[in-house]
Amino acid sequence: MSDVEWHSVALAPIVLVHGTEGLIADRAVQRLRALAKEADPSVEVHDLSGEALGPGALAQVASPSLFGEPRLVVVPELQSAPDSLILELLDYVKTPEQDVTLVLVHRGGNRGKKLLDALKKAGVPRVDASPVKRAADKQAFVAAEFARARRRIQPDALVALVDAFGTDLAELAAISRQLIEDTTPDPGEQPAQVTVAEVHALTSGRVESTAFAVADAAIAGKEQDALQLLQQAQLAGADPVPIVAAIASKVRSLAKVSAPNATPRSLGMPDWMLRNLSREAKSWNDRSLARAIEAVARADHEVKGAGRDPHWSVQRMVMEICRARRAR
């Protein structure tokens, strides 16, 4: 099995996208879809998920066609696929169809290990969608975003951008695109490097972003991390009111995605945000969310004049949110 980057993966009889970083996995699949359409606009695209995962699902879409039209078959949640499909895939790996591109997306976990081993033995190209954790790797990610847009960013500006927005790769990618678009020169002008000043102009309200980092840690139940981030924000002079507002926004978003039949359109949020929040919501129930909302409401009341120590009110709110999640 040979690892390839998402932005250079090519069409092949079988491609594995493996890892928990949703942004990279989604980009790899989008690239393969675009390449398949570019190679032949008549390509048939099949998504094997949900009701399409019955017995013989793969055979129905990958068997030799009378007219030989190309097909792109995507299995978006291989780690959750039924045993019948796993067995089909184990047989298929031995003799894949040449007019089919089969894209297998495994988002982590041990399920399907036998199939993963078979794919590795067969030398199937693999897109590594592992989480990007190290600051240096996030900087390399941003540099690549700019390079693909044929733009350059100063090293100091690159570091500042990752420092400000590095807690979520999808957010980092979105901010990079915004910065590229905001600094695009007029036609005929030579693009200059993006500077530290331009990054600072974009991140001037980063106290709010620091507050969202506190919110992310609290929602995840990471009390020690959340309190440490909160202390850093308070030492930097962050006002308690915007911190509470940011955490309230996160808790409200979590409650929204917990509603039945929530969709990106109905909630007015991007697909990736709904996916991320939905994963977080699995660790919460109505009772624990109610406790978190009560903690936020009390803190909001106190930091706006009803309490004697706004900093303690925020700290207590963070602890109560973390403990509500653990006590669900």
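On the basis of the beta-carbon distance and an R0 of 41 Å, SER130 and GLU189 show a calculated FRET efficiency of 0.60. With Cα atoms as the point set, the radius of gyration and Dmax of region 89-203 evaluate to 19.7, 57 Å. Computed over the chain, relative contact order equals 15 percent, with contacts defined as Cα pairs under 8 Å that lie 6+ residues apart. So which aspartates and glutamates pass the test for LYS94, namely a Cα distance under 19 Å, with those fewer than 8 places away in the same chain ruled out? Filter leaves ASP83, ASP117. Farthest toward the positive end of the dipole of region 127-173, out of ALA147, LEU161, SER130, is the Cα of ALA147, where the dipole comes from beta carbon charges about the Cα centre.
With the cut-off at 35 Å, report for the chain the share of all Cα pairs above it, as a whole percent. It works out to 36 percent of all Cα pairs.
Measure nothing fancy, just the Cα-based angle from helix 135-148's long axis to the longest principal axis of the chain, in degrees from 0 to 90, nearest 10. Helix 135-148 sits at roughly 60 degrees to that axis. For the chain, the mean residue ellipticity at 222 nm estimated from helices alone is -17500 deg cm²/dmol, where every DSSP H run of n ≥ 4 contributes -39500 (n - 2.57) and the total is divided by all residues, rounded to the nearest 500. Please give the helix 155-165 orientation as an angle from the longest Cα principal axis of the chain, in degrees from 0 to 90, rounded to the nearest 10. Once rounded, one gets 80 degrees.
Pairing the Cα long axis of helix 206-219 with the longest principal axis of the chain, what angle in degrees results, from 0 to 90 and rounded to the nearest 10? Around 70 degrees separate the two axes.
Model label points for GLU181 and SER2, set 7 angstrom from Cα along the Cα-to-Cβ axis, are 3.6 nm apart.
FYI, it's all coordinate maths here, none of it is from the lab. Bear in mind the structure is a predicted one, so any value in this text is a computation, not a measurement. Positions of Cβ are backbone-derived with ideal geometry, glycine not excepted, and every protein chain shown enters the neighbour counts.
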